[in-house]
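Here the structure comes first, spelled out in structure tokens, and everything after it is commentary.
Any read-out appearing in this document is the output of simple, stated calculations on the displayed coordinates, not a laboratory observation. This one's a predicted model, so the numbers in the text were calculated from it and none came from an experiment. Note that we place each Cβ from the backbone using ideal geometry, even for glycine, and neighbour counts take in every protein chain shown.
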Amino acid sequence: MAELEILGVPQSSFVRTVRIACEEKGVPYRLTVAMPHSPEILAINPLGKVPAMRCGAFQLFESLAIASHIDRAYPGPKLFCCNAPKSSAAIGSASHLPRYRDAVAERASVKATVPRRLRIWRGCGLEL
């Protein structure tokens with residue numbers, strides 16, 4: 001299997017969560033320091049948030065998704081319970097991801113069609 005690379009800043013609690021998952025499973029990894037919204041992060045996560053993960057050509061973002069991938073893809077003690085309802089409840093907390101995707105798409109389309117000055121004025125409640 002290709003080398004697991006975690007991208008993010010060590011001070012981030014989300015990056016720390018993924019690193020702890022690797023340590024608990026005994027998975028070797030390389031930490032690449034990358035600031036949020038840096039080109040390396042934006043190439044994987046359109047929101048620019050850390051952590052992000054690369055393993056060969058496979059890329060992933062969001063700490064829960066990365067930890068879940070590590071749990072399923074590598075041998076070692078289970079990090080998530082095998083009980084379907086409990087596991088589903090834990091993973092269900094990540095159900096906000098489609099809202100992020102939609103918000104990013106909406107922001108991108110608004111920025112493409114409305115001049116910046118008008119966006120600022122509308123944000124202040126001014127009508128033109």
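The GluC sites (Glu not before Pro) found in region 1-57 that occupy coil by DSSP, while having at most 11 further C-beta atoms within 10 Å, are GLU3. Each Cα pair under 8 Å and six or more residues apart adds its sequence gap; the mean of these over the residue count of region 4-73 is a relative contact order of 37 percent.
Distance between the 7 Å Cα→Cβ label points at LEU79 and GLU23: 1.2 nm.
Modelled label positions at THR32 and GLU5, each set 7 Å beyond Cα in the direction of Cβ, lie 0.2 nm from each other.
The three principal axes of the Cα atoms in region 1-52 give end-to-end lengths of 29, 24, 15 Å, sorted in falling order.
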